[in-house]
Amino acid sequence: MDQRSSSSPSGDKPASSHSTTTFIPPEDRKHSRFGIASFILSIVTLLGYIFLGALGTTMVEPYITEAGVLQPTQETVEAMTTLAAVFIIVMIINLAGLILGIVGCFSKIRKRTVAVIATIVNGVVVLTIGALFLFVLNG
């Protein structure tokens, strides 16, 4: 008698092979690429916000006196407009990092630790910048 035919009807495959993914132990998994990219973007944008805040404060500070606000020169206004445009670009990059972090959190075959940390950092930064905008606009 043939022993192979009695163990499973398909030959080499086990009878209960319904899953297409195999189990990978957590210590053998690699970190999510989306999570790593999100974490890098969160650090870059956080440093960008700090740099832009310092630069903006340095640009505005000479025009604020005890007597009131002085009129800045045309060059200064153009520089402030460029600074605002760069700030918006950094905000878009921050939102992209948040989206990448969320995508990395749903990976089933990779570690999610970096993605979760990056999502938290990006989320806190986005919420903080949003709260500052609301605070300034509602004055």
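The values are calculated or read from the model by the stated rules, or taken from the named source; none is laboratory data. Because the structure is a prediction, the values reported are computed rather than measured. Backbone-built Cβ (ideal geometry, glycine too); neighbour counts: all protein chains shown.
For region 75-91, does any single residue satisfy the condition of being more than 30 Å from ARG33 (Cβ to Cβ), of a type in the set (Phe, Trp, Tyr) and not in a loop (DSSP other than H, G, I, E, B)? No. Would you confirm, using the coordinates I've provided, whether ASN94 is closer than 20 Å to LEU47 by Cβ and in contact (Cβ under 8 Å) with a residue 60 or more places away in the chain? No. Of the residues making up region 106-120, those that are more than 8 Å from the chain's Cα centre (by Cα) and either in a loop (DSSP other than H, G, I, E, B) or more than 15 Å from LYS30 (Cβ to Cβ) (or both) are PHE106, SER107, LYS108, ILE109, ARG110, ARG112, VAL116, ILE117, ILE120.
Would you call GLY48 touching a Leu at 6+ places or on another chain (Cβ under 6 Å), surrounded by 14 or more Cβ atoms within 10 Å (Cβ to Cβ) and part of a helix (DSSP H, G or I)?
Numbers: touching a Leu at 6+ places or on another chain (Cβ under 6 Å): no; surrounded by 14 or more Cβ atoms within 10 Å (Cβ to Cβ): yes; part of a helix (DSSP H, G or I): yes.
So GLY48 does not fit the description; no.
Can you name the number of the only condition in (1) more than 18 Å from CYS105 (Cα to Cα); (2) in a helix (DSSP H, G or I) that ALA37 fails? ALA37 satisfies all of (1) more than 18 Å from CYS105 (Cα to Cα); (2) in a helix (DSSP H, G or I) except (1).
Each row is one residue, and each column tells you yes or no for (1) surrounded by 11 or more Cβ atoms within 10 Å (Cβ to Cβ); (2) more than 30 Å from THR22 (Cβ to Cβ).
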position: LEU70; (1), (2): no, yes
position: THR73; (1), (2): no, yes
position: GLU78; (1), (2): yes, yes
position: THR113; (1), (2): yes, no
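For ILE99, are the conditions met, namely being of a type outside the set (D, E, K, R) and surrounded by 11 or more Cβ atoms within 10 Å (Cβ to Cβ)? Against the criterion (of a type outside the set (D, E, K, R) and surrounded by 11 or more Cβ atoms within 10 Å (Cβ to Cβ)), ILE99 qualifies. Applying the set (1) loosely packed, with under 10 Cβ neighbours inside 10 Å; (2) modelled with pLDDT under 90 to SER8 leaves exactly one unmet item: (1).
Considering region 115-139, and only residues there that are over 15 Å from LEU46 (Cβ atoms) and among the β-branched types (Val, Ile, Thr), the residue that is surrounded by the most Cβ atoms within 10 Å (Cβ to Cβ) turns out to be VAL116. Just to verify a result, which residue in region 22-75, among those that are touching a strand residue (DSSP E or B) at 6+ places or on another chain (Cβ under 7 Å) and closer than 16 Å to THR119 by Cα, is modelled with the lowest pLDDT? Among those that are touching a strand residue (DSSP E or B) at 6+ places or on another chain (Cβ under 7 Å) and closer than 16 Å to THR119 by Cα, it is HIS31.
Does any residue of region 129-136 turn out to be in contact with a strand residue (DSSP E or B) (Cβ under 9 Å, 6 or more places away or on another chain), of a type outside the set (Gly, Ala, Ser), in contact (Cβ under 8 Å) with a residue 12 or more places away in the chain and over 30 Å from THR22 (Cα atoms)?
Taking region 129-136 as the starting set, the residues that turn out to be in contact with a strand residue (DSSP E or B) (Cβ under 9 Å, 6 or more places away or on another chain) are none.
So far as region 129-136 goes, no, none of its residues is in contact with a strand residue (DSSP E or B) (Cβ under 9 Å, 6 or more places away or on another chain), of a type outside the set (Gly, Ala, Ser), in contact (Cβ under 8 Å) with a residue 12 or more places away in the chain and over 30 Å from THR22 (Cα atoms).
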